[in-house]
1. Check off (1) within 22 Å of Asp24 (Cβ to Cβ); (2) part of a strand (DSSP E or B) for Lys53 and give me the number that stays unchecked.
2. Out of Ala31, Ala7, which single residue is of a type in the set (Gly, Ala, Ser) and free of Cβ contacts under 8 Å to residues at least 60 places away in the same chain?
3. Within the stretch 28-50, track down each residue that is surrounded by fewer than 14 Cβ atoms within 10 Å (Cβ to Cβ) and either assigned to a loop (DSSP other than H, G, I, E, B) or touching a Ser or Thr at 6+ places or on another chain (Cβ under 9 Å) (or both).
4. Within the stretch 60-77, is there a residue that is open to solvent by 10 Å² or more (accessible area, probe 1.4 Å), more than 26 Å from Glu26 (Cα to Cα) and touching a residue at least 24 places away in the same chain (Cβ under 8 Å)?
5. Select from the stretch 102-120 the residues that are in contact (Cβ under 8 Å) with a residue 40 or more places away in the chain and buried (at least 16 other Cβ atoms within 10 Å of the Cβ) and list them in ascending order.
6. Tell me, which strands (runs of 3 or more DSSP E) lie completely within the stretch 98-208 with 3 or more residues that are hydrophobic (A, V, I, L, M, F, W, C), within 15 Å of the chain's Cα centre (by Cα) and modelled with pLDDT of 95 or more?
7. Quick test for you: out of Gly179, Gly205, Gly173, pick the one residue that is without any contact (Cβ under 8 Å) to a residue 24 or more places away in the chain, closer than 21 Å to Ser129 by Cβ and open to solvent by less than 50 Å² (accessible area, probe 1.4 Å).
8. Checking the conditions here, which among Ile25, Ile21 is assigned to a helix (DSSP H, G or I), out of contact with any Gly (no Cβ under 6 Å at 6 or more places or on another chain), over 29 Å from Thr169 (Cα atoms) and β-branched (Val, Ile, Thr)?
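The values are calculated or read from the model by the stated rules, or taken from the named source; none is laboratory data. The model shown is predicted, which means the values in this text are computed figures rather than measured ones. Using ideal geometry, Cβ is built from the backbone for each residue, glycine included, and neighbour counts are taken over all protein chains shown. Accessible surface areas use protein heavy atoms only, side chains included; no ligands, DNA or RNA. Shrake-Rupley method; radii C 1.70, N 1.55, O 1.52, S 1.80 Å.
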Amino acid sequence: MVPKLHAVSTGKQPLEQLLKIIRDIEPYVGAIHIREKERTARELEVLIGDLKKEVPASKLIVNDRVDVAFAAQVKGVHLAYHSLSAQGVKAHFQQLIVGKSVHSVKEAKEAEQSGVDYVIYGHIYPSQSKLGQTPRGLEQLKQVVDSVQIPVIAIGGVMPCNVREVLSTGAHGVAVMSGVFKDENPLQAAKEYGEQLRKWSDTYGGTL
């Protein structure tokens, strides 16, 4: 139910560019997160409507906006610290897969107890979006993985060359933002991430 490769939009790209990138990378990723904090609910509704003409709704996850995710009939919603409670979302929107961002073992355990389907943990490596902040690293990632039974998706500075060492911690998959959406060739970048995950899956099982 929880994909292994998540591509997360930056919220900083023009609409047409965003649409093109998502359409291009869709065959090579398991989930596409619409993380557009500055867009209104109406703008998100229109964006998702355009995407659904070519991109399966089963691959779309909306960041924070439970109302939009429900109304647009997409796969799921990803919650932040300021979002609605996971308990409330799971109780009233049972058709949505629910994820949450966490930054510690404590937060991961709390998220699991609240009923979320997966967590995204990071940042693992130095990241363009976290300049000046110390990365949490693989050891802490493994501690989070070992502390919960739900899938843990690693984010932050993950590149194709280090996907395998991330997965070796027991992490279920990886999430990438700049690594795809800010790459000079987003399609090629998505293919490279997908290839590394495919090689891992061929050995250990599972799908993107």
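1. Checking Lys53 against (1) within 22 Å of Asp24 (Cβ to Cβ); (2) part of a strand (DSSP E or B), the one that fails is (2).
2. Among Ala31, Ala7, only Ala31 is of a type in the set (Gly, Ala, Ser) and free of Cβ contacts under 8 Å to residues at least 60 places away in the same chain.
3. If the condition is that a residue be surrounded by fewer than 14 Cβ atoms within 10 Å (Cβ to Cβ) and either assigned to a loop (DSSP other than H, G, I, E, B) or touching a Ser or Thr at 6+ places or on another chain (Cβ under 9 Å) (or both), then Lys37, Glu38, Thr40 are the ones that fit.
4. No - not one qualifying residue is present in the stretch 60-77.
5. Of everything in the stretch 102-120, those that are in contact (Cβ under 8 Å) with a residue 40 or more places away in the chain and buried (at least 16 other Cβ atoms within 10 Å of the Cβ) turn out to be Val102, Val105, Ala108, Asp117, Tyr118, Ile120.
6. 152-155, 173-176
7. Gly179
8. Just a single option satisfies the conditions, and that option is Ile21.
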